[in-house]
Amino acid sequence: MDSLTPQTMRVLECIQDYYAADQLSMTIRDIQRTLGYKSVAPVQHHVRKLKEAGLVVSDPDRARTIRPAKPKPKGIPICGTIAAGGLVEIFPSADVFADSEVEYISPELFSSRSRGLERFALRVSGDSMIGAHILDEDIVILDKPSDSQTVKNGTIVAARLEGQNETTLKRWHREGKQVSLIPENPNYRTIQVDAKQVLIEGIYVGILRDILP
């Protein structure tokens with residue numbers, strides 16, 4: 001970014017503003033006319049620099065395709081803490097934090113998306129799931145469910161109780177209108193609630209341990 005000149009950055013701002021206004025890509029001549037260049041040569045130079053920097057993309061086989069590049073995924077956001085014990089106040093969404101306050105798991109460690117589902121992570125507090133090898137202070141990776149009605153019994157989930165704003169990590173078991181949230185530690189009791197009072201916030205994918213502080 002430091003190697004880009006003010007003129008190149010001006011071209012980038014032009015492309016970004018145009019796309020933000022109409023969600024349309026630009027052509028070289030669009031940029032030339034908008035910024036008042038006498039020829040396309042300098043525009044081509046600036047666009048090439050922006051492409052090399054990964055800030056814009058285009059399809060060389062099509063005319064109108066110069067557009068801002070999508071930002072690279074930062075990874076999986078760690079949205080807060082979840083209880084592996086009783087119930088605790090629901091974890092906040094990463095959306096409520098300033099970007100600088102959100103921790104991310106590198107995409108190299110865990111894919112940020114799977115089967116089109118959004119992934120997020122939570123820090124574990126407690127030992128109710130030790131039988132499933134989920135320990136206190138582990139980081140669990142979860143998928144946001146596309147349809148909670150299709151979650152199979154025995155699946156480990158992050159479950160939230162409606163009206164209480166509380167959540168816990170347990171095995172899911174539904175029988176008729178009754179849901180059991182089952183621990184993996186005999187020192188804890190199963191939580192039983194009406195199916196209408198519980199929501200699945202996430203489906204367990206895996207854990208990270210001793211990687212993040």
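Among the residues of the range 25-64, what is the count of those that are under 27 Å from the mean Cα position of the chain (by Cα) and either without any contact (Cβ under 8 Å) to a residue 40 or more places away in the chain or in a loop (DSSP other than H, G, I, E, B) (or both)? Number of matching residues: 8. Which of the residues that make up the range 118-146 are more than 14 Å from residue 209 (Cα to Cα), surrounded by 17 or more Cβ atoms within 10 Å (Cβ to Cβ) and within 22 Å of the chain's Cα centre (by Cα)? Residues satisfying the conditions are 119, 120, 142, 143, 145.
The one condition from (1) assigned to a strand (DSSP E or B); (2) closer than 16 Å to residue 80 by Cβ that residue 137 does not meet is (1).
Restricting attention to the range 143-167 and to residues that are in a strand (DSSP E or B) and at pLDDT 90 or above, the residue that is nearest to residue 82 (Cα to Cα) turns out to be 158. Remark: residue 68 falls outside the filter, which requires a residue to be within 30 Å of residue 208 (Cβ to Cβ) and either touching a residue at least 24 places away in the same chain (Cβ under 8 Å) or β-branched (Val, Ile, Thr) (or both).
Can you find even one residue in the range 123-130 that is assigned to a strand (DSSP E or B), assigned by TED's automatic domain parsing to the domain that holds residue 105 and not hydroxyl-bearing (Ser, Thr, Tyr)? Yes, some residue in the range 123-130 is assigned to a strand (DSSP E or B), assigned by TED's automatic domain parsing to the domain that holds residue 105 and not hydroxyl-bearing (Ser, Thr, Tyr). Candidates in the range 147-172 are the residues that are out of contact with any Lys or Arg (no Cβ under 8 Å at 6 or more places or on another chain) and on the phi > 0 side of the Ramachandran plot; of these, the one that is surrounded by the most Cβ atoms within 10 Å (Cβ to Cβ) is 165.
Scanning the range 154-213 for residues that are under 22 Å from residue 137 (Cα atoms) and of a type in the set (D, E, K, R) yields 160, 166, 170, 171, 184, 189, 201, 209, 210.
The values are calculated or read from the model by the stated rules, or taken from the named source; none is laboratory data. These figures come from a predicted structure and were not determined experimentally. Cβ sites come from the backbone with ideal geometry, for glycine too, and all protein chains shown count toward neighbours.
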